[in-house]
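Notes follow the structure.
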Amino acid sequence: MMRRPRIGITMRVEHQTRRFYLGRDYSEALFGFDATPIHLALIPDANYISSALDGLEGILLPGVKTRIQC
């Protein structure tokens with residue numbers, strides 16, 4: 001049996017509630033195409049990002065109209 005490709009999806013941030021979130025449509029679409037969706041929190045740390053991306057066959061960066069807050 002062939003392993004499903006692992007595809008990372010970046011989650012959105014709700015700054016007022018300090019929560020990460022992602023609509024179900026992205027994960028369900030990837031699963032429907034025989035991929036395994038992996039949710040990625042937007043944590044600005046190089047070591048975290050490197051280890052989170054390790055082993056993924058792809059990454060989905062959903063677009064959103066937002067402003068960046070540091």
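Here are the numbers for the structure shown:
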| read-out | value |
| --- | --- |
| Some residue of segment 1-9 being touching a Ser or Thr at 6+ places or on another chain (Cβ under 9 Å), in a loop (DSSP other than H, G, I, E, B), of a type outside the set (A, V, I, L, M) and free of Cβ contacts under 8 Å to residues at least 12 places away in the same chain | yes |
| Within segment 12-30, considering residues that are touching a residue at least 24 places away in the same chain (Cβ under 8 Å) and part of a strand (DSSP E or B), the one surrounded by the most Cβ atoms within 10 Å (Cβ to Cβ) | Val13 |
| In segment 18-36, the residues that are among the basic types (Lys, Arg) and under 13 Å from the mean Cα position of the chain (by Cα) | Arg24 |
| Near pairs, Cβ below 6 angstrom, 6+ apart or cross-chain, from segment 31-58 (over 18 Å from Phe20 (Cα atoms) and surrounded by 10 or more Cβ atoms within 10 Å (Cβ to Cβ)) to any residue that is of a type in the set (A, V, I, L, M, F, W, C) and at pLDDT 95 or above | Ala35/Ile7; Gly58/Ile7 |
| Residue selected from segment 39-70 under the condition among the aliphatic types (A, V, I, L, M) and assigned to a loop (DSSP other than H, G, I, E, B), by the criterion modelled with the highest pLDDT | Leu56 |
| Residues satisfying the stated conditions in segment 1-11, i.e. surrounded by 11 or more Cβ atoms within 10 Å (Cβ to Cβ) and either farther than 19 Å from Gly58 by Cβ or out of contact with any strand residue (DSSP E or B) (no Cβ under 6 Å at 6 or more places or on another chain) (or both) | Pro5 |
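The values are calculated or read from the model by the stated rules, or taken from the named source; none is laboratory data. Model, not experiment: these values are computed from the prediction. Cβ coordinates were reconstructed from backbone atoms using ideal geometry, including for glycine residues, and neighbour counts include every protein chain displayed.
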